[in-house]
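First up is the structure itself, then whatever we jot down about it.
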Amino acid sequence: MKLTFSQVNTAEDIAAVSQLAAEIWREYYGTLLSTEQIDYMIAQFQSVPAITDQIDRQSYLYYLIQYDGANVGYMAVKQEQGKLFLSKFYIGKEKRGKGFASHALAFLEQLGRDRNLSHIWLTVNRHNHPSIAIYVKKGFLKVREQVADIGNGFVMDDFVMEKEIPVTK
């Protein structure tokens, strides 16, 4: 078993992330959001042009999560005000529950340490109980609630969660 985190730099990588996003979001969010909102969010935030803009103009770093060379998930992060914002963190259904999230979070903690950042923070849908439970288990705390208008009559109704990046000795 070889799990790697490959930074997204090429048009081919961006297309792979966009394809993964469409597959994972439709499968995962089907019970939390309407099909219309899922399609809207994919088009607005995870299409090839949207991801390209996030990387080129908004300072996001995307990583493909690869298992034995196959793309099984992805993450997107951005440095903000001395903290690491975990904007996207998705693993395909067939690979969930195999420890990949733990390895990915350890990778992000190291990325934060390397950049002298104090915390990792994220937003998670308040009804996404499985993900919230994982984040709590990994040391994230709920710090506030947030409702964000994302356009087209849709909102994201989230918890903001944060974890201090442990210092290694």
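Just so it is clear, none of the values below were taken in a lab; they were calculated from the coordinates. Please read these numbers as outputs of a predicted model, since none were measured by experiment. A quick note on method: Cβ atoms are made from the backbone with ideal geometry, for glycine too, and the neighbour counts reach across all protein chains shown.
Any chance you could list P(r) for the chain, counting all Cα-Cα pairs in 10 angstrom bins from zero, rounded to whole %?
Histogram of Cα-Cα distances, whole percents per bin: 10, 38, 42, 10, 0.
Label Asp114 and Asp56 with points 7 Å out from Cα along Cα→Cβ: what is the distance between them in nm?
2.5 nm
Using just the alpha carbons, could you tell me how many Å³ per residue the convex hull of segment 108-169 encloses? Provide the component values of the computation, followed by the final result.
Values: hull volume 6.0 nm³, N = 62.
Convex hull volume per residue, Cα atoms: 96 Å³.
Taking 0.36 nm per residue of sequence separation and subtracting the Cα-Cα distance, how much length would be gained by fully extending the chain between Glu27 and Lys2, in nm to one decimal?
Values: separation 25, 0.36 × 25 = 9.00 nm, distance 2.52 nm.
Roughly 6.5 nm would be gained on extension.
Counting Lys +1, Arg +1, Asp -1, Glu -1, what net charge surrounds Phe45 among other residues with beta carbon under 12 Å of its beta carbon?
Numbers: positive: Lys88; negative: Asp39, Asp53.
For residues surrounding Phe45, the net value is -1.
Where does each of Ile150, Ile132 land when they are ranked from fewest to most other beta-carbon atoms within 10 angstrom?
Values: Ile150 13, Ile132 17.
In increasing order of surrounding Cβ atoms, one gets Ile150, Ile132.
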